[in-house]
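Read through the structure below, which is laid out as structure tokens, and then see the notes.
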Amino acid sequence: MINSLLFVRLFWRDLRANKKRMTLTLIAVLWGTLSIVLLLAFAEGLKAQFAENSKGLGEGILIIWGGQTTIPYEGLGKGRRIRFYPEDLQEIQRQIPEVEKVGADYFNWGTSISYGKKTISGRTNGLFPSFETMRAHYPMPGGRFINDLDMSKRRRVAFLGDRMATDLFGVEDPIGKVITIDNMPFTVIGVQVKKQQMGSYSGPDNNKVSIPATTHSAIWGNLRYNNLVIKPRDVNQAEFVKSRIYEVVGKRQKFDPKDKAALSIWDVIEGQKMMDKIMLGLQVFFGVMGFFSLSIAGVGVANIMYAAIKERTVEIGVKMALGAKKRQIMGQFILEAVLICGIGGLFGILVAQGVCGFFERVDLNNEALTWLGKPTISMTIGLVTVTILAFIGLVAGFFPARRAASVNPVESLRYE
Amino acid sequence: MIKMNGIRKLYATGKVAVEALKGLDLELKGGEFVSIVGPSGSGKSTLMNIVGCLDTPSEGEFFLDGERVDQFNGNQLAEVRNKKIGFVFQNFNLLPYATAYENVELPMIFAGAPQKERKETVTRLLTRVGLGDRMDHKPTELSGGEMQRVAIARALANSPKLILADEPTGNLDSHSGAEIMGIFEELWKSGTTILMITHDPNIAKRTKRTIMIKDGVIVTSLNGNGNGSSSHE
Ligand SMILES: Nc1ncnc2c1ncn2[C@@H]1O[C@H](COP(=O)(O)OP(=O)(O)OP(=O)(O)O)[C@@H](O)[C@H]1O
Ligand SMILES: [Mg+2]
């Protein structure tokens, strides 16, 4: 539009002439924009926080417990308990190439864990080196997680959850120190980094002691795992991997692979996919709510435009006499409505940014915020908001503009 | 330039229909300087609006510059108004918030003329009507005569073939009115066709032909008696 400059000047004049009405309209747009941006930003923060929290358990994994058979199989009755043995793990790894990593847990709840004069009664788990990545047992700098050599040599090494470490050591550095578990000495090799953990089985990871699975079974003598943890190479192969596990374990332990109750699988992958869908739904819902609140502001904009047209019929008639085409008359008013939405929206986004900035500075250790997350204005939110603003501006301008274009120049110019 | 046959215009307001023009024939050659006179309510403005393509006749044929414009649609009429016609109104009808310069620029903006050409033309036209030093003034900062001169400059912006003026001196004192008439005479001499409504017989006398309208029809059409060059009063 070559002539938009004059129209912008015209807009300024209108802004100054109708300060009060214009201010109210701008505030309405600002408010609408603020609500849409904040709703989306909170949803975004919540989503990010959920993703972060669900990482605490591990991403893309299947956690499997033994169940009870419900179908008689090869002469064996139903109601048999299925338990996992090291051979099951070996067979899964050997026969299912779609599996990337395997691991398993041993549990011992009532161990007494001591350092110096301090003794805590807590959990000692035997687990696999694969847990480092699979189950997010990442060590803080200066330490390390259990490795393959620890496993094969059945070393007496311990990896502490961060709460367990503080409870035992306070501010002291635990690495290299010797603790005792049920009076057996273990060297601390690492402390887990702080993490938010949304899902857990048998307690969170931050208040337990982890030792190599081999050491665990050598000391307490249990052969059967509490549970398996399996990570498929590709999350999209999870279903296939699950059915293969039924076949492989079923063959070894003699149960019908169709007997779903024989195993109990916590599909974390599915849970995370579901959560993504819920979050998307939430964002769409918030977006729609924001859209409606902005629409109300749009009605205000349309209103102010109708009033402006009523005041400017002579001007419209003059422009028509000078040869302005329909779209040139309309263009001015649509541009004006879009400008109102643009200015109001810009301030709305700025205020929203201020609000988000405030949350940014708030300490995340606040209990509520660890679950709510921090509102975040992403690029997508910006684009969505600008699109909605533009759309509402266009609609709020279009109908008044159409009325402007239908002004009868003869009537409006009749000299009274 | 203009050829009208059997033009009728009906206004249907409410129950009664007013017939403002009742089968009017009019012919205007290029380069003419014509005034229209007649009693109030006789249909002068109605005729002017139709000639100016702001309104369409209810009946009859209207050729403007060889084109049958009575059948044109809204955008075609806008195009004709923009390119071929320049309006001058009794009450000037300048945009109050815009400067003299911007007012004159407006028709060129609608025509899509480039900035450079606009600047050159606007400056030339405002200088020509004697307002070269008042280009940045708003209408409120100008006298009636000056406003009407801006309006004439605006009417000339797209070099139209036809200038239409509805009582251009009606709101002016006799001195300013005479000045405006002087400008119209100059325009006529340089080849522009001018059609002007007036109530003032002295003004009508300065045009080359006077058409008298009564009750929606032309009653007389007098050729000027060669006194077009009469001096200012
Ligand atoms: N929009 C309209 N609706 C109804 N009647 C109209 C309309 N416009 C004009 N008329 C009528 O048509 C007739 C001619 O009006 P017009 O304005 O053309 O007169 P005029 O000759 O210009 O008068 P004046 O010298 O007072 O300006 C009048 O009777 C007027 O009332
Ligand atoms: Mg009139």
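The values are calculated or read from the model by the stated rules, or taken from the named source; none is laboratory data. Computed from a prediction, not measured in an experiment: that's the story for all the values here. Glycine gets a Cβ as well: all are built from the backbone with ideal geometry, and neighbour counts include every protein chain shown.
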Residue check, B:Gly60 near ligand 1 (Cβ under 9 Å from one of its atoms), more than 14 Å from chain A (Cβ to nearest Cβ) and buried (at least 16 other Cβ atoms within 10 Å of the Cβ): no
From A:Glu311, A:Glu315, residue being within 14 Å of chain B (Cβ to nearest Cβ) and exposed (fewer than 15 other Cβ atoms within 10 Å of the Cβ): A:Glu311
Elements of type strands (runs of 3 or more DSSP E) in segment B:1-104, at least 3 residues being within 16 Å of ligand 2 (Cβ to nearest atom): B:16-28, B:33-37
Enumerated strands (runs of 3 or more DSSP E) restricted to segment B:118-233, each holding at least 3 residues that are of a type in the set (S, T, N, Q) and either more than 14 Å from chain A (Cβ to nearest Cβ) or more than 16 Å from ligand 1 (Cβ to nearest atom) (or both): B:217-223
Residue among A:Ala297, A:Ala308 that alone is more than 29 Å from A:Leu46 (Cα to Cα) and among the hydrophobic types (A, V, I, L, M, F, W, C): A:Ala308
Failed condition for B:Gly66, given (1) more than 16 Å from ligand 1 (Cβ to nearest atom); (2) within 16 Å of B:Ile213 (Cα to Cα): (2)
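Quick one: is A:Leu413 modelled with pLDDT under 90, within 16 Å of ligand 2 (Cβ to nearest atom) and surrounded by 15 or more Cβ atoms within 10 Å (Cβ to Cβ)? Break it down into steps so the answer makes sense when it comes.
Values: modelled with pLDDT under 90: yes; within 16 Å of ligand 2 (Cβ to nearest atom): yes; surrounded by 15 or more Cβ atoms within 10 Å (Cβ to Cβ): yes.
Here the answer is yes, as A:Leu413 does meet what is asked.
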Condition met for B:Met181 (surrounded by fewer than 20 Cβ atoms within 10 Å (Cβ to Cβ) and free of Cβ contacts under 8 Å to residues at least 40 places away in the same chain): no
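Filtering segment B:35-52 down to residues that are more than 9 Å from ligand 1 (Cβ to nearest atom) and within 13 Å of chain A (Cβ to nearest Cβ), which residue is farthest from B:Lys9 (Cα to Cα)?
B:Gly52
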Selected residue (only one of B:Asn93, B:Asn75 is within 13 Å of chain A (Cβ to nearest Cβ) and either closer than 21 Å to B:Leu172 by Cβ or surrounded by 14 or more Cβ atoms within 10 Å (Cβ to Cβ) (or both)): B:Asn93
Residue satisfying all of: in segment A:383-409; free of Cβ contacts under 8 Å to residues at least 24 places away in the same chain and either outside the structural domain of A:Leu339 (by TED's automatic domain parsing) or assigned to a helix (DSSP H, G or I) (or both); nearest to ligand 2 (Cβ to nearest atom) among these: A:Phe391
